[in-house]
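Chemist: I'd like to ask you about the structure that follows.
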């Protein structure tokens with residue numbers, strides 16, 4: 001089966017950098033995804049990793065190490081609007097569904 | 001349409017009643033997914049459609065839950081004999097194919113409350 005672990009909450013200051021970690025146990029997966037979800041809203045797609053390494057998209061980067069079962073989402077130049085939950089998800093091999101973690105609630109303080 | 005549309009946005013029903021939740025995916029998206037999300041949790045997979053057929057219904061919790069997509073576009077999630085434990089936000093998502101490489105687009109969800 002799959003098990004995904006993320007910290008429950010994190011706090012950071014506007015303008016800073018924050019790293020949100022995700023560890024997983026799975027027998028195989030098609031890819032690892034990160035989604036952002038503001039309170040009361042739908043999740044929105046941020047990034048996708050299938051190979052080891054860093055994927056950069058503006059202020060957001062995501063890293064994957066398949067051998068270590070580990071990913072992180074890096075947010076730079078934090079803004080107040082980045083206060084949200086960040087969901088890590090894997091898509092198990094042979095399926096098109098996601099298994100989501102419980103999400104990390106990020107609070108950005110002025 | 002421009003995005004994934006879900007109706008109603010809120011539904012309150014009495015225990016034991018039947019409910020239908022509707023999802024209108026992005027035009028041209030062949031893959032459609034239903035998830036449900038309880039407070040403080042990540043979305044939990046229910047069912048995946050490729051076209052008209054349910055390609056994976058392994059997440060449906062029991063036989064009270066059923067979903068259809070008769071013309072390969074709009075989908076309806078049907079819940080019979082609702083229970084208080086069914087209260088959650090039901091999210092629909094679509095993608096152009098089933099590959100999910102570019103991620104899904106989620107709708108805003110239907111908040112179901114069973115009283």
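Quick note: the coordinates plus some simple rules give every number you see, no bench work behind them. Keep in mind that this is a model prediction, so the values were computed, not measured. Cβ atoms come from the backbone with ideal geometry, glycine included; neighbour counts cover every protein chain shown.
Chemist: Please determine, by comparing only the residues of the range B:62-72 that are within 17 Å of residue B:22 (Cβ to Cβ) and without any contact (Cβ under 8 Å) to a residue 24 or more places away in the chain, which one is nearest to the other protein chains (Cβ to nearest Cβ).
Modeler: B:65
Chemist: Would you call residue B:31 more than 30 Å from residue A:104 (Cβ to Cβ) and within 14 Å of chain A (Cβ to nearest Cβ)?
Modeler: No; evaluated as a whole, the condition is false for this residue.
Chemist: Among the residues of the range A:80-103, is any surrounded by fewer than 17 Cβ atoms within 10 Å (Cβ to Cβ) and more than 14 Å from chain B (Cβ to nearest Cβ)?
Modeler: yes
Chemist: Now, a different point. Give, as residue ranges, the strands (runs of 3 or more DSSP E) completely inside the range A:43-110 that count at least 3 residues that are closer than 16 Å to residue B:104 by Cβ.
Modeler: Strands (runs of 3 or more DSSP E) meeting the threshold: A:44-49, A:84-92.
Chemist: Of these, B:21, B:39, which one is touching a strand residue (DSSP E or B) at 6+ places or on another chain (Cβ under 6 Å) and over 21 Å from residue A:93 (Cβ atoms)?
Modeler: Exactly one residue qualifies, and that residue is B:21.
Chemist: Listed residues A:36, A:19; which is within 14 Å of another protein chain (Cβ to nearest Cβ) and in a strand (DSSP E or B)?
Modeler: Just one listed residue meets the conditions, A:36.
Chemist: Only one residue in B:59, B:40 is at the interface with chain A (Cβ under 10 Å from one of its Cβ atoms), over 21 Å from residue B:105 (Cβ atoms) and free of Cβ contacts under 8 Å to residues at least 40 places away in the same chain, so which one is that?
Modeler: One residue alone meets the criteria, B:40.
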